[in-house]
Structures are given as structure tokens and as C-alpha cells.
Amino acid sequence: MIVVVTGMVGVDKKSYLQKVCQFAGQRDKEVLLCNVGDQMYAEAPDIPPGKILDIPMKRLSSLRRSVFKDIITKAQKAPNLIVNTHATFRWQHGLFPAVDFDQMRQLGADMYICLIDGVIALHTRLLAEHSTRHCLKDLIVWREEEIIGTEMLCKGISEKIPFYCLARGAEEETTETFYKLLFDNSSKRTYLSFPMTAVGNMEDVRKEIDEFRQLMKQYFTCFDPGDLEESYLPHYARQASQKGSDFVKVTALGQTTRLDLNQVRQIEHDINSQIYARDFLLIDQSDMIISFIPTLADGRAAISSGVERELQHAHEAAKEVYVIWTAKQTPSVFVTQTATKVFGDLDGAVEFFKKKGYMKK
């Protein structure tokens, strides 16, 4: 198994993929990790840490090709190989590719995965690791370019090679998801659907949703939109503006950061449009969708327009569509007509999935 993992600077793929390899090793799967950036620095010891993207493009390309030549040789011997690289760079030279098609064809990867993270986490890591200061707009656009660039690279080599987009989220959860993508073909690839923004301040409802998410991840290969949550940022910006503040205070990676209010305002449209496109992408790369609709304090169903749209998209994509509807009120025809099956509670869904053979432990 040869897997190419891309992701923009600031995702910290190296430490994440090291944990994936450890997780695999504990399950008797030997995985060799090749970090392209580290190998390029090793071949050019004169380049200071964090400065390799500042060197002339000709030398950068030459270094990259030399490293990939070595990786292609290793791929012929390793039982399993993960190549940690990038599809694109957005740096001092502007936007430019980070791979060469001829070498990627020689590598012959079995799978491509684009690893992504929230814009605040990206911003926090880049501030700590690089002197270059990218604005939030740069980061959120670069993230989208990396996803599209990776998919185009994958499909440009062969339409038969699977491509996945995966948010790193809480590592103890998504490292297992990553492992399942590589080695567990029996686990159903599942998109988890649930209301988010509308129930953000409802602690009891959020607890129910989190319990649903944790349970599903024990049995399925889950793509969880909650692993990349940033829709709250525009709301925070409006609150800051009302208070007369020129910054937004947020917390990521255990650190509190001040973001320029105007920069947050500039990415509101990008956040919304990327959520829309990304969630549909995650559905498309899944076998099925499981939607959990909790009950509000007044007894109404906590159904959102976003969840309804996800159900419709999954139905039109010929996916299996399962809905866990906990409220006493009858679900609308827009739910029942798109669902493969509707359950009254989580236990009913679990029993059904066990009978179907979807839940095995």
C-alpha cells in the first residue's frame, strides 16, 4: 500500500502521520513514513529550518526531484509507504505546484489523502513556525487549492485511484479513521450528519450529538464535519464589532490568539462556501450517511436546513441514507422521502446496523 498525503503548510502532517504509523504498528502493520520536506533539508544542509520555500525555484525543483527519486526506490521494497508532501505552495513565489506528474506516475500510489485543519489552528502553527505572515484569506484559499490540487493530481494519474479529504480534528479519533481508510475495507465509509451552528449553545443537545459521533466512530470509517468547525468565526466577529473591538479572541491548540477583525470579516464568504462544498465532498467519498436529529427542550426536532440539504445530496448520489429522528413530531416528507430508513432512537439504529453486519468489533 502506497499512500500520498498532502496538506498545506501549518497542518503539521509529520507528527500526525507518525501517530498513524504507531497506531498501525500496534496492529502489526509496518508503515514507512517518508517526509519529503525533511529529506530535502537533509540533502541541502545549508538551508536554515523554515526557509526552504524561499530558495530559487530551480533549486527547489531539483531538490524535490532528487528526494522523490529516492522515495520511488524505497516504495519498491517497503510493505506499506506513506509519502508526506504537498500538492501546492502559496508562498513568496506566489502559487506553484509541489509535485511532478512524471514522478508521481512512477510512484504508483494506491491512494491520495488531503489532510486539512481549521483556519485558526493553521494560523497558530504558522505564527510559531515561520516568519512569513499569511493573512487568514491566504490560508483559507490555500486550503481549498490544496484539496482541489490533490484531487486533480490523483485523477490526472488515474480515475481508479481513490481520493479522500480528511480533517485531522482530535488526533486520537482521526488517526484511527486514517488507518481504516488504508487497511480496513470492511468498515463502511460514513458521513456523520447533525445540526451544528443552531445548537452550539445547547449543552445537553451537544452532549447527545457527541455521544452519537463517538459511538459511530467505533464501528465506521467516519467523515465528521465536526472535526473542522469554524462557522462560529463570523458570529464572533459580529459580537466583537458590537463591543467596539478591532480584534476577535479565539482559542486553538491550547493557545488564545487575537485575530484582526477585518481579516475575519474578509473570510466569512469563504467559510460558508467551503463548508457547503466540503460537506458534499465528504458525502461523495462515503458509502452512506447517518444523520442524528436530537430533540430540543420544547420537544421539537433540531433539524436544520443544512442537514436536510445533506440528506437530499446523499439521496441523489445513490448513497444509503439513515436518519435517527428522536423527536415525537413526525419527520417531514423531505426527510422520509430521502431516507433509506428512519429510526426513533440511537439504540434502534445500532440494532439494525448489527443485523446488517455493519457493526463488528
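Each value in this text was obtained by applying a stated rule to the coordinates, not by laboratory testing. These numbers come from a predicted model, not from an experiment. Using ideal geometry, Cβ is built from the backbone for each residue, glycine included, and neighbour counts are taken over all protein chains shown.
What's the Cα-based Rg to Rh of the chain, Rh via Kirkwood?
Working: Rg = 21.5 Å, Rh = 21.9 Å.
Looking at the chain, the ratio lands at 0.98.
If I model a spin label as a point 7 Å beyond the Cα along the Cα-Cβ vector, how far apart are those points for Arg238 and Phe352 in nm?
Once both label points are built, they end up 3.6 nm from each other.
Near the amide H of Cys114, under 5 Å away, which other amide H atoms are found, from residues 5 or more places off or on another chain, if H is placed in the peptide plane?
Those qualifying (amide H under 5 Å, at least 5 residues apart or on another chain) are Thr6, Tyr164, Cys165, Leu166.
Checking the table Lys13/Lys155; Lys51/Lys137; Lys155/Lys356; Lys29/Lys51; Lys180/Lys354 against a 24 Å threshold on Cα-Cα, which pairs fail?
As for pairs spanning more than 24 Å Cα to Cα, those are Lys155/Lys356; Lys29/Lys51.
Work from the charge dipole of the range 2-86 (Cβ charges, +1 for Lys and Arg, -1 for Asp and Glu, about the Cα centre) and give the residue of Ile47, Gly25, Gly7 farthest towards its positive end.
Gly7
With the chain treated as a Gaussian network of Cα nodes joined by springs under 10 Å, which of Asp298, Asp284, Asp46 yields the largest mean-square fluctuation?
Among Asp298, Asp284, Asp46, the largest GNM mean-square fluctuation belongs to Asp298.
Please give the charge dipole size of the chain, origin at the Cα centre, charges +1 on K and R Cβ atoms and -1 on D and E Cβ atoms. Round to the nearest 20 debye. Each step should come with its number before you reach the end.
Details: 45 positive and 48 negative charges, 103 e Å.
I would put it at about 500 debye.
log₁₀ I(q)/I(0) of the range 53-211 at q = 0.09, 0.13, 0.15 Å⁻¹, via Debye over equal Cα point scatterers, no solvent, to two decimals?
Each listed q corresponds, in turn, to -0.40, -0.80, -1.03.
Under the rule a/c < 1.5 gives rounded, and otherwise a/b versus b/c splits prolate from oblate, where does the range 273-361 land using the Cα gyration tensor?
Since a/c reaches 1.5 but b/c is at least a/b, the shape of the range 273-361 is classed as oblate.
Need the full-extension length gain, Asp204 to Thr330, defined as separation in residues times 0.36 nm minus the C-alpha distance. One decimal, nm. Write down the numbers at each step before the final one.
Working: separation 126, 0.36 × 126 = 45.36 nm, distance 2.20 nm.
Length gained, Asp204 through Thr330: 43.2 nm.
Rg and Dmax in Å for the range 1-62, alpha carbons only: what are they?
So, for the range 1-62, Rg and Dmax equal 14.1, 43 Å respectively.
Using the Kirkwood formula over every pair of different C-alpha atoms, what hydrodynamic radius in Å results for the range 183-255? Don't skip to the answer; put the middle values down first.
Numbers: mean 1/r = 0.0678 Å⁻¹.
So the Kirkwood estimate lands at 14.7 Å.
Tilt of helix 305-316 relative to the longest C-alpha principal axis of the chain, in degrees (0 to 90, nearest 10)?
80
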